[in-house]
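Inspection log for the structure reproduced underneath, given as structure tokens.
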Amino acid sequence: MNSLESVDTVKFSSMRPDNSKIPKKEEENEFKTELENEETKSISSSQIAKSYSDILALIGENPARQGLEKTPIRAANALLHFTKGYTQNINDVVQDAIFNEDVDDMVIVKDIDMYSLCEHHMVPFFGKVSIGYLPNKKVIGLSKLARIVEMFSRRLQIQERLTVEIANAIMEALEPRGVGVVVHATHMCMVMRGVEKLSSKTVTSAMLGEFRNDSKTRQEFLSLIK
Amino acid sequence: MEQSGDTDTGKQSNGHKEAKKEDLKTTECKLKELSSAYLSIIESIGEDCSRQGLLKTPERAAKAIIHFTKGYDENLTDIVKDAIFDEDTDEMVLVKDIEMFSLCEHHMVPFMGKVSVGYLPSKKVIGLSKIARIVELYSRRLQVQERLTNQIADALQNILNPRGVGVVVEATHMCMVMRGVEKFNSKTVSSSMRGEFRNNPKTREEFLHLIKKF
């Protein structure tokens, strides 16, 4: 039996909440071998390095000086690391870490460090993610919640979508009675440029199931993540 | 071509007024080519450039990097202008906790933190905001924290000829936090001491004590 068809594997929708398609790479890579993935990464890395080399010259730097000689390839590899979420797959991230458990009280993992790239300016935004859910006879390995955050944050993102994607993924994987996700982040595109507001933070939330319908549940979650 | 490694002031255009029209054309051209480079990058990471959120991203990213590297087009003389004043004072002057945002030249990823600057005047003082502008001039470039620290110190030494200068930079490097070792609490501290700040331990100690957080 194909391990992907085990009872705990969930089929995820190929559309994002904003109805844009998930990039082709994510779907293609689901069945690629590790070697094929490495080869693809190497080609992407050289292509991206070439673009960074052009950028260096255009901003007025000297790409041949010692400090910058290997910058294009380092910057390319850094960007691929910051966007590795595209090559990850929710089934591989969660694997079989879903367990039957007779608990129905709220489970929270809070203050998960999150680093992402703003899709409008390609500049980092980072902060903390707090997640809560009400189990329905199934619980998930706690570190998998952090891995789900990693998978969706290591992409070109907007904070609102990131928040919803995390909530939806947990909802689909666990079928809990409800999920709550809160993200606090600082956006370098607002701090290093534009309005240049250093202390501002952006907060977004996604409440599903009982977290949305029951204000007491929501209140409990919000007070526990303070 | 001017290199960030020089202690010099930045790229110079050939006389501001006559080059303005030429500069505008060059800027437009530069923006177009930078946008094209970013478009290629977005495609290479596997994203869909035609989706709504990414349609104008190449141009926005190009403008962002131009802003982050505007220090190359600025000039110490123009920044300081005539904000140097004769003043019969010889006590230490400090401007501390100046926010700094720069780009690491090895990974092209931001590093940011605070700069504290002190100097012992020798009959001349500088407009305080000019110290922050000098930090901006050198930080809005591809940089290495050690060099940035030295460039700020050297600039003040050269324009003021004071009895000494001290610069301390404390920064968080996203290249260490978001990738590589992934140490999010680590901070890098570099310093540059000139004149009496270097030769006189009591002066240095006074400076370091005054810039500590209260």
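The values are calculated or read from the model by the stated rules, or taken from the named source; none is laboratory data. Computed from a predicted structure; not experimentally measured. Heads up, the Cβs are rebuilt from the backbone with ideal geometry, glycines too, and the neighbour counts pull from every protein chain shown.
Within region A:195-211, restricting attention to residues that are among the charged types (D, E, K, R) and at negative phi, the residue that is surrounded by the most Cβ atoms within 10 Å (Cβ to Cβ) is A:E210. Against the numbered list (1) in a helix (DSSP H, G or I); (2) more than 22 Å from A:T83 (Cβ to Cβ); (3) in contact with a Leu (Cβ under 9 Å, 6 or more places away or on another chain), B:D90 comes up short only at (1). In region A:116-158, the residue that is surrounded by the most Cβ atoms within 10 Å (Cβ to Cβ) out of those that are more than 12 Å from chain B (Cβ to nearest Cβ), free of Cβ contacts under 8 Å to residues at least 60 places away in the same chain and of a type in the set (S, T, N, Q) is A:N136. In region A:88-115, which residue that is without any contact (Cβ under 8 Å) to a residue 60 or more places away in the chain and touching a helix residue (DSSP H, G or I) at 6+ places or on another chain (Cβ under 7 Å) is nearest to the other protein chains (Cβ to nearest Cβ)? Only one residue tops the list, namely A:Y115. Within region B:66-82, residues that are surrounded by 19 or more Cβ atoms within 10 Å (Cβ to Cβ) and in a helix (DSSP H, G or I) have Cβ atoms under 7 Å from residues that are of a type in the set (G, A, S) and modelled with pLDDT of 95 or more in these pairs: B:G71/B:S139; B:L76/B:A155, counting only partners at least 6 apart in sequence or on another chain. Being among the acidic types (D, E) and within 30 Å of A:D113 (Cα to Cα) holds for only one residue in B:E136, B:E91, B:E87, and it is B:E136. The one condition from (1) within 16 Å of B:M174 (Cβ to Cβ); (2) within 10 Å of the chain's Cα centre (by Cα); (3) of a type outside the set (F, W, Y) that B:V135 does not meet is (1). Can you tell me which residue within region B:181-213, out of those that are assigned to a helix (DSSP H, G or I) and among the basic types (K, R), is nearest to B:E146 (Cα to Cα)? Selected residue: B:R198.
For region B:93-123, the set of residues classified as in a loop (DSSP other than H, G, I, E, B) and either within 14 Å of chain A (Cβ to nearest Cβ) or buried (at least 19 other Cβ atoms within 10 Å of the Cβ) (or both) consists of B:E105, B:H106, B:H107, B:M108, B:V109, B:P121, listed by residue number.
All conditions in (1) at the interface with chain B (Cβ under 7 Å from one of its Cβ atoms); (2) modelled with pLDDT of 95 or more hold for A:G60, with the sole exception of (2).
B:P58 meets the conditions (1) within 29 Å of A:F125 (Cβ to Cβ); (2) loosely packed, with under 15 Cβ neighbours inside 10 Å; (3) not assigned by TED's automatic domain parsing to the domain that holds B:C175 in every case but one. The failed one is (2).
Considering only residues that are at the interface with chain B (Cβ under 7 Å from one of its Cβ atoms) and touching a helix residue (DSSP H, G or I) at 6+ places or on another chain (Cβ under 6 Å), which ones fall in region A:69-78?
To start, the set of residues in region A:69-78 that are at the interface with chain B (Cβ under 7 Å from one of its Cβ atoms) comprises A:71, A:74-75, A:78.
The one that is at the interface with chain B (Cβ under 7 Å from one of its Cβ atoms) and touching a helix residue (DSSP H, G or I) at 6+ places or on another chain (Cβ under 6 Å): A:A75.
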